[in-house]
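Here is the structure we will look at.
Read the figures in this text as sums done on the coordinates, not as results from a lab. From a predicted model like this one, the values you see are computed outputs, not experimental measurements. Heads up, the Cβs are rebuilt from the backbone with ideal geometry, glycines too, and the neighbour counts pull from every protein chain shown.
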Amino acid sequence: MSSVAANSLDPASAVLLEIRGVAKRFGAREVLRNISLNIAEGEFLALLGESGSGKTTLLRLVAGFEEPTAGEIWMSGERLDLLPPYRRRVNTVFQNYALFPHLSVRENVAYGLRVKKTAATEIDGRVDEALRMVKIEEFAAWRPSKLSGGQQQRVALARALVNRPRLLLLDEPLSALDANLRKQMQSELKALQREIGITFLFVTHDQEEAMALSDRIALLRDGALEQVASAREIYAHPATAYTARFIGQTNLLRGEILDGMARCGAIAWPSDDPGGAAIFSLRPEAIRLASDAVARPGTARFRAALEQQFFSGASELLEVNCSGQLLRVRVSARGPLSGEHEFVFSTADAIRVQE
């Protein structure tokens, strides 16, 4: 596997968290390998990956619940991994929210401050401020069991925010919600992060969620960084075949470049890339029916037979067969199609990727 980590930040952004060459083993099992990642002040960064990729382990290392086997973690010039969890200006919102069922919302939010023996006169003001931030003041006297899933999540956020962390860690906090509420909370979570300006490190296995919420995505694969980039960049210019498949749908065209032509089965187009074996990522929406397209230079055409058609509202997904090569094509909704059709795509949309 070729690991690609385009770990670049806006030069104007101040770095808050630096993860330097971090590795983690549990016995003989290597869970994380040489992770180096910078996170900016005020950034919303998503750690994305399938189950077992190491994303939650990395979150636990930053929180202090685990110790790295190798490497260092720094926050604003201070070595973070040498500090106990309670001395790190980091708070975690867990998947199950971990609210105390016998305490009211206000008491849940105040709990951490009381444990730290914060002055009683200060606790009330900070709890009020946290409840206002997440817009649940009216539920302050309620018990968690009386709240909806979305309201419980806001309590968990308020309990974390009341400690005034510089970094908030979120471990799949939306996964327990139903689909409609999850979409609503995605919007609210992003708006809240922008409003309060705290850096979010957000763990998810849901690629759509990562793209919708984050400033950048760090994609993990088998304990290593596969690619780090903005949501738009990682979608439009995946560095590897794995990234292209994991972030959205794609067609992987395998072939070779010879004498200035890329040839992938029955599909061919001029290419300036170096010769040899090649893999290209071509998104379904980049392919159009030739009858719908305006003739332009820099395009490739091919004929394919329709095998299946899936209606999804404003668009339809076609599965087509081009001389034995199966491709997916996304077109605007148009009613049933059948037989053979000619398709076209811009050659600039065929992105060469590593294996």
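The figures follow:
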read-out: Karplus (6.51, -1.76, 1.60) ³J(HN,Hα), θ = phi - 60°, over the stretch 113-126, in Hz, Gly and Pro reported as x; value: 5, 5, 4, 7, 6, 5, 4, 4, 5, 8, 4, 4, x, 6
read-out: Net length gained if the chain between ARG20 and SER312 were fully extended (0.36 nm per residue, minus Cα distance); value: 100.7 nm
read-out: Cα gyration tensor, the stretch 123-163 - rounded (a/c under 1.5), prolate or oblate; value: prolate
read-out: Answer label for Cα Rg over 2.2 N^0.38 Å (calculated), chosen among (i) 0.97; (ii) 1.18; (iii) 1.01; value: (ii)
read-out: Other-chain or far-sequence residues with amide H under 5 Å of VAL93's (modelled H); value: LEU169, LEU170, ASP171
read-out: Peptide ranges 80-86, 131-137, 307-313 listed from the most packed, as the mean C-beta count within 10 angstrom indicates; value: 131-137, 80-86, 307-313
read-out: Bridge type composition, the chain - antiparallel percent by DSSP, nearest 5; value: 75
read-out: DSSP-defined antiparallel bridges as percent of all bridges, the stretch 141-228, nearest 5; value: 45
read-out: Over the chain: helical MRE at 222 nm, DSSP H runs n ≥ 4 each giving -39500 (n - 2.57), nearest 500; value: -7000 deg cm²/dmol
read-out: In order through the stretch 145-154: 3J(HN,Hα) via Karplus (6.51 cos²θ - 1.76 cosθ + 1.60), integer Hz, x for Gly, Pro; value: 5, 8, 9, 6, x, x, 5, 4, 5, 5
read-out: For the chain, built as a Gaussian network whose Cα springs stay under 10 Å, the top-fluctuating residue of ALA119, ALA224, ALA241; value: ALA119
read-out: Simple spin-label estimate for ASP273 and PHE65 in nanometres, 7 Å along Cα-Cβ; value: 4.1
read-out: Contour minus Cα-Cα distance for ARG79 and ALA293 (0.36 nm per residue); value: 71.4 nm
read-out: Which listed pairs, of LYS135/LYS190; LYS117/LYS190; LYS146/LYS183; LYS24/LYS116, have C-alpha distances above 26 Å, in listed order; value: LYS117/LYS190; LYS24/LYS116
read-out: Inter-probe distance in nm under a simple model that places probes 7 Å from Cα toward Cβ, at TRP142 and ALA191; value: 1.8
read-out: Pairwise centroid distance, computed over Cα atoms, of the stretch 161-226 with the stretch 38-68, Å; value: 11
read-out: Size of electric dipole in the chain: Cβ of Lys, Arg +1 and of Asp, Glu -1, about Cα centre, debye, nearest 20; value: 900
read-out: ³J(HN,Hα), Karplus 6.51/-1.76/1.60, whole Hz, each residue of the stretch 293-300, x for Gly, Pro; value: 9, 7, 4, 9, x, x, 10, 10
read-out: Mean Cβ count within 10 Å, highest first, over the residues of peptides 97-108, 141-152; value: 97-108, 141-152
read-out: Cα gyration tensor shape of the stretch 249-353, rounded if a/c is under 1.5, else prolate or oblate by comparing a/b with b/c; value: prolate
read-out: The stretch 296-349: C-alpha gyration tensor shape, a/c 1.5 cut-off, then a/b vs b/c; value: oblate
read-out: Residue exposure sequence - LYS55, LYS117 - by fewest surrounding Cβ within 10 Å; value: LYS117, LYS55
read-out: Net lengthening on full extension, GLU30/ARG164 (0.36 nm per residue, minus Cα-Cα); value: 44.9 nm
